[in-house]
1. Among helices (runs of 4 or more DSSP H) lying entirely in the stretch 74-155, which contain 1 or more residues that are in contact with an Asp or Glu (Cβ under 6 Å, 6 or more places away or on another chain)?
2. If a residue has to be of a type in the set (D, E, K, R) and either closer than 20 Å to Gly96 by Cβ or surrounded by fewer than 14 Cβ atoms within 10 Å (Cβ to Cβ) (or both) to count, how many in the stretch 121-144 make the cut?
3. If I ask for residues that are at positive phi and either in contact (Cβ under 8 Å) with a residue 60 or more places away in the chain or among the polar types (S, T, N, Q) (or both), which ones from the stretch 104-150 would you list?
4. Criterion first (within 17 Å of the chain's Cα centre (by Cα) and at pLDDT below 95) does Ala3 satisfy it?
5. If I ask for residues that are touching a helix residue (DSSP H, G or I) at 6+ places or on another chain (Cβ under 9 Å), more than 6 Å from the ligand (Cβ to nearest atom) and among the charged types (D, E, K, R), which ones from the stretch 75-91 would you list?
6. Regarding the stretch 85-108, can at least one residue be identified that is among the small types (Gly, Ala, Ser), buried (at least 20 other Cβ atoms within 10 Å of the Cβ) and within 13 Å of the chain's Cα centre (by Cα)?
7. Quickly run through the stretch 127-150 and pick out the residues that are away from the ligand (no atom under 12 Å from the Cβ), within 23 Å of Glu84 (Cα to Cα) and charged (D, E, K, R).
Amino acid sequence: MAANLKRLGAAAVALLTLMAAGGAMAEDPPGMPPMPPMGGASMPAMGGGSAWPDSGGRMSFKEDVLPMLKNRCQECHVTGGDGERQSGLNLDGYDGLMRGTKFGPVVVPGNAMVSNLVVLVEGRAGIRMPHNRRPLSKCEVQMLRDWINQGALNN
Ligand code: HEC
């Protein structure tokens with residue numbers, strides 16, 4: 001009985017954490033994400049109803065995501081780097097990115113809106129990545145959103 005209660009407690013905490021994360025994200029940005037221009041252009045229906053529209057291009061981890069991580073994140077997020085030591089996030093490749101931080105995953109395949117990676121590079125959480133560096137460009141952020149909404153594949 002006591003063990004059961006303890007297990008329930010853990011589940012409730014996990015649920016609350018999830019809800020808290022969801023809540024924090026729902027309150028900001030205030031409106032909806034910017035809508036893509038409507039022109040009847042073929043919008044691939046990807047991401048299973050994720051909140052961020054897909055801009056259409058097919059993203060590749062190796063060609064699009066990895067070079068950006070290399071340029072903008074690996075300075076601190078490789079074994080022994082500041083970011084890696086403090087957060088546990090190692091961005092030297094696909095496996096490290098998908099493993100996430102010591103607190104858990106930062107990529108939720110198919111849902112860029114709730115992926116902490118996107119939350120952080122957008123500065124939605126109060127801290128912004130990259131730390132003390134020029135923010136990512138709109139294109140880079142959209143590329144990440146698309147890649148995640150397309151399933152965050154190792155492609
Ligand atoms: C100049 C160093 C530096 C660079 C460049 C940098 N980071 Fe970080 N990052 C850190 C440090 C230090 C931490 C741990 C402290 C913190 O969370 O603020 C961290 C933490 C994180 C976290 C975990 C935050 C949390 O609270 O769970 C994520 C996710 C992250 N970085 C993503 C990125 C991404 C993506 C890039 C590249 C676009 C990047 N970082 C570039 C230093 C850096």
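The values are calculated or read from the model by the stated rules, or taken from the named source; none is laboratory data. Everything numeric here is computed off the predicted structure, so don't read it as measured data. Cβ atoms come from the backbone with ideal geometry, glycine included; neighbour counts cover every protein chain shown.
1. Working: elements: 82-87, 94-99, 116-122, 138-149.
Per the criteria, 138-149.
2. 4
3. Step one: list which residues in the stretch 104-150 are at positive phi, which gives 104, 110, 123, 126, 132.
Result: Gly110, Asn132.
4. no
5. Scanning the stretch 75-91 gives a single hit, Glu84.
6. No - not one qualifying residue is present in the stretch 85-108.
7. Arg145, the sole residue that qualifies.
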